[in-house]
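**Student:** Right, I'll just put the structure down here and ask away after.
The values are calculated or read from the model by the stated rules, or taken from the named source; none is laboratory data. Everything numeric in this text was worked out from a predicted model, so none of it was measured. Because the Cβ atoms are built from the backbone with ideal geometry, glycine has one as well, and the counts that use them run over all protein chains shown. These area figures cover heavy atoms from the full protein model, side chains too; ligands, DNA and RNA do not enter into them. Shrake-Rupley method; radii C 1.70, N 1.55, O 1.52, S 1.80 Å.
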Amino acid sequence: MSANVIALATSRRPAEIPSLEPVLARRVTVLGSTGSIGISTLDVIAHARATYGQDTMPIEALTAQSNVETLAAQARALHPKLAVIGDPALYTSLKEALAGTRVEVAAGRDAIVQAASRPSDIVMVAIVGVASLVPALRAVERGATVALANKECIVAAGDVFRRAIQASGAAVIPVDSEHNAVFQVLDAADPNEVDRVTLTASGGPFRGWQKDRMQAVTPAQAVAHPNWSMGAKISVDSATLMNKGLELIEAHYLFALPPEKLSVLVHPQSVVHCLVSYADGSTLAHLSAPDMRTPIAHALAWPRRIVSPSRRLDLASLGQLTFERPDPEVFPALRLAQDCLREGGLAPTILNAANEIAVDAFLTKGLGFLDIPRVVEAALGEFGSHSHNLSPANLDAVLAADGQARELAGNICRRMVA
Ligand code: NAD
Ligand code: MG
């Protein structure tokens, strides 16, 4: 990877800490409001309104792909100016569901990008997958503060984001719990002061399993995460450990850390979210109960802190925190992601696209659980041999590689399922 990467997210405190009033008056857009992160975000805002007053964090826009019922209920409760449904066939249903309200209604992929373009102080990016890439980039380009839950867009297009952030001066506040944790404890005057950043992983539902036992794992088993309640895609990623692999690449871009300073430690209790080790031997950790409403509240209010409805940490009840090394033989997805991180260029883009296709094929088309990393590895191999340009030069190059990798991975999945 290029040596001159600059951090997309830095926790350096602004020269002037704002008073709470302008923080509570921030206007918020939530992309992907009907998903796990979206619902938790609106829960944090509802709690803040009950605490600080009903005019706290007014909402500019809410977007969802197909869940009209939940989107309409959210819009009726929180009064955004705009509600967007991604599937254009659902425009009339949403319009009818919001009849008699003052909420503007729109539909389609472009309308989601438009929603990200409208003036708001913070855009919560909680769409799943690379579908978030163009709207997230639009929010960055207009200089909004981007609360970034989605990791796939950074993995696929880290360099494109870097350039857009340099041009607009937008702030990115990580919401992914480990990265939000690093954002809170990474504080070095010079990158040489940081020896290592460790992201923790719960290990997922199959921690400690032998590989042969995983052959027949069903989607229902894979999405049953021991500690976190999340959308289906990230739950499967947590079960294969691809999630942690994507997070290493995410951390590389967000904090400008070279691959050799990034590591993973399995920590089944999901209480310690990161460890930052410094040159003097100090290690700083971030702890919280496993509840996404904590990093969400942090991102919405940074550099201040607001109350949130999240669960609180009770270490005495927990008794012990344990740590172990991940097993790269049983979880090859982690190794694949680490290889792509070192390789750079378009390798992370291809890794991510192939993984999205493979996870979907596992969830809906009968692909085996252990075939997920096999599809990704095969797609990386086939793409490499056909590609004449492995540079993530611009958005078009990234989108072209993403599309090509999806097609390759789709074909590989069909061959494997047949
Ligand atoms: P989810 O599946 O629960 O929700 C996804 C949201 O995106 C929904 O609102 C859906 O309507 C919308 N969406 C889906 N496809 C879309 C498309 N093609 N175009 C526009 N919108 C679309 O997912 P989630 O678990 O909330 O995760 C969202 C993102 O946050 C993911 O990138 C995930 O990796 C990341 N993340 C989630 C968690 C968590 O605890 N859930 C933790 C860390 C990071
Ligand atoms: Mg995470």
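**Student:** Taking every eigenvalue of the Cα gyration tensor of the chain, multiplying by 5 and rooting it, what semi-axes result, largest first, whole Å?
**Tutor:** For the chain, the ellipsoid semi-axes come out as 31, 27, 22 Å.
**Student:** Distance check, please: which entries in Lys211/Lys244; Lys151/Lys365; Lys151/Lys261; Lys95/Lys244; Lys211/Lys233 exceed 28 angstrom between their Cα atoms?
**Tutor:** With Cα atoms farther than 28 Å apart: Lys95/Lys244.
**Student:** Give, in nm to one decimal, the length gained when the segment between Ala15 and Val417 is fully stretched (0.36 nm per residue of separation minus the Cα-Cα distance).
**Tutor:** That pair, Ala15 and Val417, stretches by 139.0 nm at full extension.
**Student:** If you don't mind, there's one more thing I want to ask. Let me know the Rg and Dmax you get for the range 272-331 when you use only its Cα atoms, in Å.
**Tutor:** 15.1, 43
**Student:** Simple spin-label model, 7 Å along Cα-to-Cβ: His79 to Asp314 in nm?
**Tutor:** Each label point is offset 7 Å from its Cα along the Cβ direction, giving 3.7 nm.
**Student:** How many percent of all Cα-Cα pairs in the range 276-418 sit more than 27 Å apart?
**Tutor:** Value for the range 276-418: 48 percent of Cα pairs lie more than 27 Å apart.
**Student:** Going from most exposed to least, what order do Thr34, Thr10 have by accessible area with a 1.4 Å probe?
**Tutor:** Ranked from most to least accessible, the order is Thr10, Thr34.
**Student:** Now for a different question. Let's see if you can work this out: charge +1 on each Lys and Arg Cβ, -1 on each Asp and Glu Cβ, no other charges. What is the dipole magnitude of the chain about its Cα centre, in debye to the nearest 20?
**Tutor:** Rounded to the nearest 20 debye, it is 700 debye.
**Student:** Give me the number: length gained by fully extending Thr364 to Ser168, i.e. 0.36 nm times residue separation minus the C-alpha to C-alpha distance, one decimal in nm.
**Tutor:** On the way: separation 196, 0.36 × 196 = 70.56 nm, distance 3.99 nm.
Result: 66.6 nm gained on full extension.
**Student:** Right, here's the next one. Which listed residue (Met214, Ile249, Phe183) has the Cα farthest towards the positive end of the charge dipole for the range 171-260, taking +1 on Lys and Arg C-beta and -1 on Asp and Glu C-beta about the Cα centre?
**Tutor:** Comparing the listed Cα positions along the dipole, Met214 ranks first.
**Student:** Going by the alpha-carbon gyration tensor, a ≥ b ≥ c the square roots of its eigenvalues, is the range 199-324 rounded (a/c under 1.5) or, if a/c is not under 1.5, prolate (a/b greater than b/c) versus oblate?
**Tutor:** Verdict is prolate for the range 199-324.
**Student:** Taking every pair of alpha-carbon atoms in the range 27-155, what share in percent sits in each 10 Å bin, from 0 to the bin with the longest distance?
**Tutor:** Histogram of Cα-Cα distances, whole percents per bin: 14, 49, 32, 5, 0.
**Student:** While we're on this one: I'd like to know which of Val172, Gln74, Val130 lies farthest towards the positive end of the charge dipole of the chain, counting +1 on Cβ of Lys and Arg and -1 on Cβ of Asp and Glu.
**Tutor:** Gln74
**Student:** Can you bin the range 1-94 into rounded, prolate or oblate? Criterion: square roots of the alpha carbon gyration tensor eigenvalues sorted a ≥ b ≥ c, rounded for a/c under 1.5, prolate for a/b above b/c, oblate for the rest.
**Tutor:** Since a/c reaches 1.5 but b/c is at least a/b, the shape of the range 1-94 is classed as oblate.
**Student:** State in Å² the accessible area per residue of the chain; use a 1.4 Å probe, count heavy atoms of protein chains only, and round to the nearest integer.
**Tutor:** 42 Å²
**Student:** Continuing with this model, one more query. Rank these by accessible area, largest first, 1.4 Å probe: Tyr253, Tyr52.
**Tutor:** Tyr52, Tyr253
**Student:** Output needed for the range 87-175: three equivalent-ellipsoid semi-axes, defined as square roots of 5 times the C-alpha gyration tensor eigenvalues, in descending order, whole Å.
**Tutor:** 27, 14, 10
**Student:** When you count, for each residue, the other Cβ atoms within 10 Å and take the mean per peptide, how do 233-246, 272-285 rank with the highest first?
**Tutor:** Ranking, from highest mean packing down: 233-246, 272-285.
**Student:** Under the definition of Cα pairs under 8 Å and six or more residues apart, what whole-number percent is the relative contact order of the range 98-164? Please list the in-between numbers first.
**Tutor:** Working: 70 pairs, mean separation 20.4, N = 67.
Answer for the range 98-164 is 30 percent.
**Student:** Tally up the carbon and sulfur contribution to the accessible surface of the range 86-204 as a whole percent, 1.4 Å probe, everything protein left in place.
**Tutor:** 47 percent
**Student:** Any chance you could look up the accessible area of Glu250 with a 1.4 Å probe, heavy atoms only, rounded to 10 Å²?
**Tutor:** Approximately 0 Å² for this residue.
**Student:** Another question, if that's okay. Taking the Cα-to-Cβ direction at Thr218 and at Arg305 and moving 7 Å from each Cα, how far apart do the two end points lie in nm?
**Tutor:** With each label point 7 Å from Cα toward Cβ, the separation is 4.3 nm.
**Student:** Please report the antiparallel percentage of the DSSP beta bridges confined to the chain, to the nearest 5.
**Tutor:** Antiparallel: roughly 30 percent of the beta bridges in the chain.
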